[in-house]
Amino acid sequence: MRIVPFTMDRAEDALRLMNLLRLTPISLPEFLDREARWPAGDLRLRWLGYDNDRAVAFGQIANSPYAPSDHLAVQVAVDPDHRGRGRGSTMLGLVESEAIGRGFRGLVATIPEAASGPQAWAEARGFQRHALRCDSLLDLRTFDVSRQCPRG
């Protein structure tokens, strides 16, 4: 796998892989708009891994308000047709080296609780459960505050 730094001319490749990590994929125009709004002073480094001319792996480290100040948030995504061949581990090795080289002590991966495959992959590579966040949904079409919430 050939790994190259992310550049905007590779936005479609990166977005295809990044959308694998999202519950709701975003469009290319939305991605480009978010890119334009990223704070200039925040650290964010990205790479793409290619087999021939196809992007098969994505890696990112970035500052995050949800990570300790001496840690970076990490994302690694691998095309489903290319999993189990070491591409994710190779990308993780690169982002670990970059984080260490910049003086960071660790990485934080946010993985959905229901995602058993990614949980097992991360744990096999040394990630330990640190915090549990819970996403709760409220259906405003069916919720009746007068029946379900006590007064006062």
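Observations
- Restricting the chymotrypsin sites (Phe, Trp or Tyr not before Pro) of region 56-107 to loop positions (DSSP other than H, G, I, E, B) with no more than 12 neighbouring Cβ atoms within 10 Å leaves TYR66.
- Loop-located trypsin sites (Lys or Arg not before Pro) in region 27-106 (DSSP state other than H, G, I, E, B) with a sparse environment of at most 12 neighbouring Cβ atoms within 10 Å: ARG102, ARG105.
- A full extension of the chain between ALA36 and ARG54 corresponds to an added length of 3.9 nm, given 0.36 nm per residue minus the alpha carbon distance.
- Distance between the pseudo-spin-label points of ARG44 and LEU140 (7 Å out from Cα toward the beta carbon): 2.7 nm.
- Charge tally in the Cβ shell below 13 Å around ALA62, where Lys, Arg are +1 and Asp, Glu are -1, ALA62 excluded: +1
- Cα shape, region 8-100, gyration tensor, a/c 1.5 rule: oblate
Laboratory data are not the source of any read-out in this text; all were calculated from the coordinates shown. All values reported here derive from a predicted model rather than from experimental measurement. Note that each Cβ is placed from the backbone with ideal geometry, even for glycine, and that neighbours are counted across all protein chains shown.
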